[in-house]
Amino acid sequence: GESVGLHLPTLSVQEGDNSIINCAYSNSASDYFIWYKQESGKGPQFIIDIRSNMDKRQGQRVTVLLNKTVKHLSLQIAATQPGDSAVYFCAEKTIGANSKLTFGKGITLSVRP
Amino acid sequence: SQTIHQWPATLVQPVGSPLSLECTVEGTSNPNLYWYRQAAGRGLQLLFYSVGIGQISSEVPQNLSASRPQDRQFILSSKKLLLSDSGFYLCAWTGGTDTEAFFGQGTRLTVV
């Protein structure tokens, strides 16, 4: 079946640098995408979302980019901080009333002081 | 505001024992409800989701079952636990097609 996947399992960045986390999705019927952050032992927390009629959305220190042509989603974190260290998941939702939320494999972001 | 409650936070159960994990949502009606399992260092595997009372969709064959006896209550069960059922179980809800999912704090299940 179709699934959401991530290119890299781990990412190490220097504090203060920008981070880019990538995600590939394969379900062309998906029309809503979400990035989540999960800290150890906790449930995922919402970071930012984007609908399929958009290609970019900005939040506080974060930007999500959507390229529907190549089915690619990315999360950019500006001025990465130690508190950004966590596992990041992209997720997609299918169209329709019975839509379900499917997650990618996750990537661990480690921030070096 | 909406909140989601999931309990217990941790659970140690012997192989062959039954399981019941409960999740309730407050502050919304007719939510879509989900159960996910997360193995250590892994991603989130969708186990069950429900769009209404008594309506359960199972994503993978397994030793678990789910029920939705009330609009805002979602229960994950097993008659006989296996070692492979160990993991971090997460309940979540969404309000519709284009809304984020809100997660409970999870249950760490260890089957011994």
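The values are calculated or read from the model by the stated rules, or taken from the named source; none is laboratory data. Just so it is clear, the structure is predicted and the values come from calculations on it, not from any experiment. Cβ sites come from the backbone with ideal geometry, for glycine too, and all protein chains shown count toward neighbours. When the accessible area is computed, the model is the full protein with side chains, heavy atoms only, and any ligands, DNA or RNA have been set aside. Shrake-Rupley method; radii C 1.70, N 1.55, O 1.52, S 1.80 Å.
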Identify the residue in the range B:42-54 that is facing chain A (nearest Cβ under 8 Å) and in a loop (DSSP other than H, G, I, E, B) and, among all such residues, is surrounded by the fewest Cβ atoms within 10 Å (Cβ to Cβ). B:ARG42
Evaluate the range B:56-68: report whether one residue or more is more than 19 Å from A:PHE103 (Cβ to Cβ), within 13 Å of the chain's Cα centre (by Cα), crowded, with 19+ Cβ neighbours inside 10 Å and at pLDDT 90 or above. yes
Within the range B:1-18, the residues that are open to solvent by less than 80 Å² (accessible area, probe 1.4 Å), of a type outside the set (Ser, Thr, Tyr) and part of a strand (DSSP E or B) are B:ILE4, B:HIS5, B:GLN6, B:LEU11, B:GLN13
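In contact (Cβ under 8 Å) with a residue 60 or more places away in the chain and either surrounded by 16 or more Cβ atoms within 10 Å (Cβ to Cβ) or touching a strand residue (DSSP E or B) at 6+ places or on another chain (Cβ under 8 Å) (or both), is that true of B:THR99?
Here the answer is no, as B:THR99 does not meet what is asked.
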Across (1) touching a Lys or Arg at 6+ places or on another chain (Cβ under 9 Å); (2) open to solvent by less than 20 Å² (accessible area, probe 1.4 Å); (3) not acidic (Asp, Glu), B:LEU21 clears everything bar (1)
State which residue is nearest to the other protein chains (Cβ to nearest Cβ) when the search covers only the range B:93-112 and only residues that are in a strand (DSSP E or B) and more than 11 Å from B:ARG37 (Cα to Cα). B:PHE103
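Restricting to the range A:10-43, name every residue that is in a loop (DSSP other than H, G, I, E, B) and open to solvent by less than 10 Å² (accessible area, probe 1.4 Å). Step through it out loud before you land on a result.
Step one: list which residues in the range A:10-43 are in a loop (DSSP other than H, G, I, E, B), which gives A:15-18, A:26-29, A:39-43.
Correct list: A:GLY43 only.
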Filter the range A:1-28 down to the residues that are within 12 Å of another protein chain (Cβ to nearest Cβ) and at pLDDT below 90, then identify the one that is farthest from A:LYS105 (Cα to Cα). A:GLY1
Would you please list the contacts, defined by Cβ atoms under 6 Å and residues six or more apart or on different chains, that run from a residue in the range B:62-83 that is among the aliphatic types (A, V, I, L, M) to a residue that is assigned to a strand (DSSP E or B) and open to solvent by 30 Å² or more (accessible area, probe 1.4 Å)? B:ALA66/B:ILE56; B:ILE75/B:GLU22; B:ILE75/B:SER67; B:LEU81/B:GLN13
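Among residues belonging to the range A:75-102 that are farther than 19 Å from B:LEU47 by Cα and facing another protein chain (nearest Cβ under 10 Å), point out the one that is modelled with the highest pLDDT.
Among them, the one singled out is A:VAL87.
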Identity of the residue in the range A:44-69, within 19 Å of A:ASN18 (Cα to Cα) and among the aliphatic types (A, V, I, L, M), that ends up farthest from the other protein chains (Cβ to nearest Cβ): A:LEU65
Looking only at the range B:76-90, how many residues end up being away from chain A (no Cβ under 14 Å) and part of a strand (DSSP E or B)? 3
Of A:VAL64, A:VAL13, A:VAL70, which residue is out of contact with any strand residue (DSSP E or B) (no Cβ under 6 Å at 6 or more places or on another chain) and of a type in the set (Val, Ile, Thr)? A:VAL70
